[in-house]
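To start, the structure under review is shown below, and the notes come after it.
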Amino acid sequence: MNEMPGMTATENETRRGTPGESFSASASTAATVATPGATPPRAQELDGPRDEAAAGEDPDVEILNSHHARVGSFDVRRAIPQRARRTIGAWCFADHMGPADVTEGSGLDIGPHPHTGLQTVTWLIEGQALHRDSLGSEQVIRAGELNLMSAGRGVSHSEEATGHYRGTLQGIQLWIAQDERRRHEAPWFEHHASLAQVELGEGSATVFVGEMGGARSVARHDGDLVGAQVRLNGVAHVPLSVGYEYGVIVLEGLISLEGRELGPGTVGYLAPGRDEARVTSSGPCTIIILGGTPLDEPIFMWWNFVARTRAEIDDAFDSWRDDDGRFGRVASSLARVETAAPYWRARDN
């Protein structure tokens, strides 16, 4: 594929696709998400219980518990969406995958599947995986590197074993809901092996999307949002944007977020209005911080599609089912992922 105009592909940076010719969801945002190949769940299955603040803890830190799902060959902890918190800024999906053992020929094992209206952000803290997509991209991602794919009006991809890596795989798969303009443009893909970092007291942040503490990611993004990995062993004062809401997702270790304890499988939510968050740990920890301007536009999620209406979902499902060319082809040996029709079709018939 052609490189994006005005950009040069280097060892550290690859962009594929063509540029096309970021927003907010209220608590009532419709969201129905499923594992590729599984029957999509109803929205009420997205709930994760919330923990109440104890005496002496910050009541403005909302604690959510992730729920378990299965994606490909991996069990995952799904932080969002859930009924209590559909989105964090434009971030609308977060799956903590692993740690799990993989081999040269067996990894995530997610066959070709479609997306619309979103960006996928793949971030590993251990191991390697192979991304293939309908743009012709074939990119190995390693821990500390970024794969960013923009679906726009339609793209398909697979996530596979690398053919050479054996060991532990752990990371997080994220989606960003695209705004009205971006969700209709052509898809594209970019890879970055080197990203900006900033010291945060006894921790350090790698910024993979947006800006934090003066460190800005080179990756393209739409709208006001930030995504960063923070590794800490002690006390970190994390700079925040006052107009953003934030989610803190623990991947490794135990932390205290403004006095509230979090471990793997929990999410700490901070409403807009803060310019800093105090995070402490008594040992090595890895966390993901997601933030952004609260969405002011409702989105509708079903399976692997982010849209505004059921009619848009129906069109995308029909295109994938009929293989009409909208989502292209992925050069993968894994089987295409199929799913049952949207649940409202059976109910409406």
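The values are calculated or read from the model by the stated rules, or taken from the named source; none is laboratory data. Nothing here was measured: the structure is a model prediction, and the numbers come from that model. Note that each Cβ is placed from the backbone with ideal geometry, even for glycine, and that neighbours are counted across all protein chains shown.
Data for the structure
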| quantity | calculated |
| --- | --- |
| Criterion violated by ASP315 - all others in (1) in a strand (DSSP E or B); (2) among the charged types (D, E, K, R); (3) farther than 28 Å from SER204 by Cα satisfied | (1) |
| Some residue of the range 256-269 being β-branched (Val, Ile, Thr) and over 30 Å from SER156 (Cβ atoms) | yes |
| Residue match in the range 121-138 (condition: among the acidic types (Asp, Glu), out of contact with any Leu (no Cβ under 9 Å at 6 or more places or on another chain) and farther than 17 Å from ASP75 by Cβ) | yes |
| Condition check for VAL306: part of a strand (DSSP E or B), buried (at least 19 other Cβ atoms within 10 Å of the Cβ) and at pLDDT 95 or above | yes |
| Positions within the range 133-154 being assigned to a strand (DSSP E or B) and among the small types (Gly, Ala, Ser), in sequence order | SER150 |
| Selection within the range 280-303 - part of a strand (DSSP E or B) and over 22 Å from the mean Cα position of the chain (by Cα) | THR280 |
| Strands (runs of 3 or more DSSP E) completely within the range 179-261 that count 1 or more residues being acidic (Asp, Glu) | 188-192, 197-199, 245-252 |
| Residue within the range 129-138 that is acidic (Asp, Glu), over 30 Å from ARG310 (Cβ atoms) and more than 12 Å from the chain's Cα centre (by Cα) present | yes |
